[in-house]
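Let me begin by presenting the structure, written as structure tokens, before commenting on it.
The values are calculated or read from the model by the stated rules, or taken from the named source; none is laboratory data. Predicted, not measured: the structure shown is a model, and the values here were computed from it. Using ideal geometry, Cβ is built from the backbone for each residue, glycine included, and neighbour counts are taken over all protein chains shown. What goes into the accessible areas is simple: the full protein's heavy atoms, side chains included, and nothing from ligands, DNA or RNA. Shrake-Rupley method; radii C 1.70, N 1.55, O 1.52, S 1.80 Å.
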Amino acid sequence: MTQKVAVITGSYKGLGYALATATPSGSIARQLAQQEDIRVVLTSRQEQDGLAAQKRLSSENIQVDFHALDVTSDISVQQFTTWLQQTYGKVDILVNNAGVNPTMQPEESSLLTVQMETMLATLTTNVLAVARITQALMPLMKAQNYGRIVNVSTEMASISSMGSDYYPLAPSYRLSKVGLNGLTALWAKELQGSNILVNAYSPGWMQTDMGGSNAPFTADEGAETAVYLATLPEGGVQGQFFAEMRKFGGAVALPW
Ligand SMILES: NC(=O)c1ccc[n+]([C@@H]2O[C@H](COP(=O)([O-])OP(=O)(O)OC[C@H]3O[C@@H](n4cnc5c(N)ncnc54)[C@H](OP(=O)(O)O)[C@@H]3O)[C@@H](O)[C@H]2O)c1
């Protein structure tokens with residue numbers, strides 16, 4: 001397999017995938033799949049969602065592979081890892097895009113009312129599941145001393161901006177993405193000196209099921225920084241937290 005194998009979690013819709021009517025640049029899956037040296041593995045919890053997305057891309061002459069993956073399930077992650085190993089014998093790129101956001105629930109407006117069940121469910125998907133899939137795929141990256149890992153975070157996780165930013169309190173979501181940023185920094189420390197680069201970024205507020213229709217940007221616009229971080233050259237940046245490139249015209253680190 002000479003192509004790089006790129007796994008994108010939760011990639012049948014939204015930032016991971018975007019709609020068939022998207023701009024030519026496309027979402028993360030679409031943009032990566034259009035690079036000749038990359039083979040994209042589209043993933044979704046429900047098999048029918050991913051297969052339908054794969055078919056839509058195929059009708060646009062964009063070929064991707066598909067496998068079901070629920071990142072909160074040990075069994076699903078094990079089956080997926082085995083399939084990757086048997087099919088390609090490697091993985092080069094992992095975009096941890098799958099995520100949940102319970103911000104719209106009224107109790108999320110205050111730490112006085114936030115439900116612990118909601119907090120646990122959000123941390124389970126946005127932090128622990130990323131830890132699980134990254135841990136599972138890391139041996140395949142280590143075996144070839146190559147890997148590019150992109151963790152999809154949010155500006156709302158910047159602790160140093162929390163006192164003054166204009167975002168809703170959203171305790172479950174923000175804490176989960178703070179955890180994701182921490183995971184990014186810790187993986188980077190553990191991988192120091194290797195050619196496996198782990199970074200996080202904020203895609204900005206986008207028109208997806210999560211972001212809603214009032215968001216100012218498309219999922220395609222939010223994908224740009226993910227593609228940049230997924231294709232970093234050897235010696236590229238390690239363990240940083242980036243803003244969306246669209247905002248600054250280039251890769252700019254956000255304060256933690
Ligand atoms: N939209 C925004 O404005 C915005 C802003 C900042 C950051 N982000 C981040 O961007 C990423 C993508 O969000 P989006 O806006 O594209 O949201 P979205 O349209 O709601 O997509 C989220 C994706 O995650 C998947 N997912 C959730 N739980 C999963 C699990 N256990 N296993 C596998 N996949 C799972 C969903 O699949 P199901 O349909 O099966 O649940 C869906 O494919 C998230 O990490 C989000 O936090 C979004």
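Go through (1) away from the ligand (no atom under 13 Å from the Cβ); (2) assigned to a loop (DSSP other than H, G, I, E, B); (3) without any contact (Cβ under 8 Å) to a residue 60 or more places away in the chain one by one and return the number of the condition K90 breaks.
Answer for K90: the failing condition is (3).
Which residue, of S213, S153, S158, S164, is among the polar types (S, T, N, Q) and touching a helix residue (DSSP H, G or I) at 6+ places or on another chain (Cβ under 6 Å)?
Details: S213 fails: touching a helix residue (DSSP H, G or I) at 6+ places or on another chain (Cβ under 6 Å); S158 fails: touching a helix residue (DSSP H, G or I) at 6+ places or on another chain (Cβ under 6 Å); S164 fails: touching a helix residue (DSSP H, G or I) at 6+ places or on another chain (Cβ under 6 Å).
None of the others qualify; the one that does is S153.
Could you run through the range 25-56 and say how many residues are more than 18 Å from the chain's Cα centre (by Cα), part of a helix (DSSP H, G or I) and more than 15 Å from the ligand (Cβ to nearest atom)?
Result for the range 25-56: 1.
The rows are residues; the columns are (1) of a type in the set (A, V, I, L, M, F, W, C); (2) within 19 Å of A223 (Cα to Cα); (3) open to solvent by 20 Å² or more (accessible area, probe 1.4 Å).
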| position | (1), (2), (3) |
| --- | --- |
| V5 | yes, yes, no |
| K13 | no, yes, yes |
| E36 | no, yes, yes |
| Q46 | no, no, yes |
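Can you tell me which residue among D70, D65, D92 is open to solvent by 10 Å² or more (accessible area, probe 1.4 Å) and under 29 Å from M245 (Cβ atoms)? Can you show your working first?
Working: D70 fails: under 29 Å from M245 (Cβ atoms); D92 fails: open to solvent by 10 Å² or more (accessible area, probe 1.4 Å).
Exactly one of D70, D65, D92 is open to solvent by 10 Å² or more (accessible area, probe 1.4 Å) and under 29 Å from M245 (Cβ atoms), namely D65.
Given L186, L180, which one is in contact with a Gly (Cβ under 9 Å, 6 or more places away or on another chain), open to solvent by 70 Å² or more (accessible area, probe 1.4 Å), modelled with pLDDT of 95 or more and closer than 24 Å to T124 by Cα? Walk me through it before giving the result.
On the way: L180 fails: open to solvent by 70 Å² or more (accessible area, probe 1.4 Å).
Just a single option satisfies the conditions, and that option is L186.
Name every residue in the range 129-148 that is within 14 Å of the ligand (Cβ to nearest atom) and surrounded by 19 or more Cβ atoms within 10 Å (Cβ to Cβ), in order of residue number. Break it down into steps so the answer makes sense when it comes.
At the first step, the residues of the range 129-148 found to be within 14 Å of the ligand (Cβ to nearest atom) are 129-134, 136.
Selection gives A129, V130, I133, T134, A136.
Would you check if S110 is more than 18 Å from K4 (Cα to Cα) and either away from the ligand (no atom under 15 Å from the Cβ) or over 21 Å from the mean Cα position of the chain (by Cα) (or both)?
Numbers: more than 18 Å from K4 (Cα to Cα): yes; either away from the ligand (no atom under 15 Å from the Cβ) or over 21 Å from the mean Cα position of the chain (by Cα) (or both): yes.
It is true that S110 is more than 18 Å from K4 (Cα to Cα) and either away from the ligand (no atom under 15 Å from the Cβ) or over 21 Å from the mean Cα position of the chain (by Cα) (or both).
Please name all residue pairs, on different chains or six or more residues apart, with Cβ atoms under 7 Å, provided the first residue is in the range 194-219 and is without any contact (Cβ under 8 Å) to a residue 12 or more places away in the chain and the second residue is within 6 Å of the ligand (Cβ to nearest atom) and among the aliphatic types (A, V, I, L, M).
Note: pairs meeting the criteria are A215/M206.
Of everything in the range 181-225 that's within 8 Å of the ligand (Cβ to nearest atom) and part of a helix (DSSP H, G or I), which residue is nearest to G16 (Cα to Cα)?
A219
Condition (residue is in a helix (DSSP H, G or I) and more than 20 Å from the chain's Cα centre (by Cα)) applied to the range 57-67: is it met by at least one residue?
Taking the range 57-67 as the starting set, the residues that turn out to be in a helix (DSSP H, G or I) are 57-59.
From what's left, more than 20 Å from the chain's Cα centre (by Cα): 58-59.
Yes, the conditions are met somewhere in the range 57-67.
Out of (1) touching a Gly at 6+ places or on another chain (Cβ under 9 Å); (2) surrounded by fewer than 16 Cβ atoms within 10 Å (Cβ to Cβ); (3) more than 29 Å from L111 (Cβ to Cβ), what's the single condition that is false for D209?
(3)
Tell me, please, whether a residue that is open to solvent by less than 40 Å² (accessible area, probe 1.4 Å), part of a loop (DSSP other than H, G, I, E, B), within 12 Å of the ligand (Cβ to nearest atom) and free of Cβ contacts under 8 Å to residues at least 12 places away in the same chain can be found in the range 247-255.
No, the range 247-255 contains no residue that is open to solvent by less than 40 Å² (accessible area, probe 1.4 Å), part of a loop (DSSP other than H, G, I, E, B), within 12 Å of the ligand (Cβ to nearest atom) and free of Cβ contacts under 8 Å to residues at least 12 places away in the same chain.
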